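S.K.: Please see the structure below; I have some questions.
The values are calculated or read from the model by the stated rules, or taken from the named source; none is laboratory data. Please read these numbers as outputs of a predicted model, since none were measured by experiment. Cβ placement follows ideal geometry from the backbone for every residue including glycine, while neighbour counts extend to all protein chains displayed.
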Amino acid sequence: MIQTKKRIIAFCVIATLSSCATKNITKYYYQNKSVLDSIEQSYKDQYKHKHFTLEFMDKLFDHVSLEIWTDSIKYIYEFGTTEMRLKDTLVKYDLMVDGVNKLIRQMQSIHCTWVNNLDYYVANTRHSMIFMSIRPKAINFLTRKKYYILTYFPVTQYYDKEGRLMVARRLRKVQKINADIFHRITDNVAYTLSDRFR
């Protein structure tokens, strides 16, 4: 009897925390939609020109890591966001200086820790999406060392009754990305809460 009560209480606590996470990220998304959508579009446009990622290395969002792909090598640099070396490196590798600096400012404004283009496969067909990590501003036992991951898909996605991302409409199987289950915010945007930012 006592064990049953403990299980019921544990289930209720987990369900409540899960519900809070859903409400928090959905609220966050709609409060910051214009900035998030701008980051997604700007990054997508710049990525077509040159493959790169941006990642913030510190809690104050003062240091950024820049990964740049050339034909044969991936280069990784770390800069203070106001250092001249950052601009020099962007120019050297033919990245859009104004565009990258705008991305950095926007990411700082909403605590977006990482943005990347991620490939995923459905029925052996490769697709791409924009993948963002956000460190929640509120620190508590639920969100400590956790990241909200947002995924922007180029086309409408399919979800089950519980809002979980599915592989396809007819193939009723949950789609995992990096071993995480994603949930619906909109037809094209999904989220998960993860202990990994990438």
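S.K.: Of the residues that sit in the stretch 65-117 and are of a type in the set (Val, Ile, Thr) and either in a strand (DSSP E or B) or touching a residue at least 40 places away in the same chain (Cβ under 8 Å) (or both), which one is surrounded by the most Cβ atoms within 10 Å (Cβ to Cβ)? Break it down stepwise before answering.
M.R.: Start the filter on the stretch 65-117 by keeping residues that are of a type in the set (Val, Ile, Thr), which leaves 68, 70, 73, 76, 81-82, 89, 91, 97, 100, 104, 110, 113, 115.
So of that shortlist, the ones also either in a strand (DSSP E or B) or touching a residue at least 40 places away in the same chain (Cβ under 8 Å) (or both) come out as 68, 76, 100, 104, 110, 113, 115.
Working: 68: 19, 76: 10, 100: 22, 104: 20, 110: 17, 113: 21, 115: 25.
Ranking the qualifying residues of the stretch 65-117, first place goes to 115.
S.K.: Among the residues of the stretch 118-162, write down those that are at pLDDT 85 or above, surrounded by 14 or more Cβ atoms within 10 Å (Cβ to Cβ) and in a loop (DSSP other than H, G, I, E, B).
M.R.: 153, 157 - these are the residues of the stretch 118-162 that are at pLDDT 85 or above, surrounded by 14 or more Cβ atoms within 10 Å (Cβ to Cβ) and in a loop (DSSP other than H, G, I, E, B).
S.K.: Taking residue 52, is it out of contact with any strand residue (DSSP E or B) (no Cβ under 6 Å at 6 or more places or on another chain), under 15 Å from residue 103 (Cα atoms) and not polar (S, T, N, Q)?
M.R.: No; evaluated as a whole, the condition is false for this residue.
S.K.: Filter the stretch 48-92 for residues that are within 22 Å of the chain's Cα centre (by Cα), within 16 Å of residue 115 (Cβ to Cβ) and of a type in the set (A, V, I, L, M) and give the result.
M.R.: The answer is 54, 57, 64, 66, 68, 76.
S.K.: Going through the stretch 167-198 one residue at a time, which ones are part of a loop (DSSP other than H, G, I, E, B), over 16 Å from residue 134 (Cβ atoms) and either modelled with pLDDT under 90 or under 13 Å from the mean Cα position of the chain (by Cα) (or both)?
M.R.: Listed by number, the residues that qualify are 167, 168, 169, 170, 171, 172, 173, 175, 179.
S.K.: Residues being closer than 20 Å to residue 150 by Cα and in a loop (DSSP other than H, G, I, E, B): count how many of those fall in the stretch 41-57.
M.R.: 2
S.K.: Quickly run through the stretch 83-117 and pick out the residues that are within 27 Å of residue 148 (Cβ to Cβ) and not hydrophobic (A, V, I, L, M, F, W, C).
M.R.: 99, 101, 102, 105, 106, 108, 109, 111, 113, 116, 117
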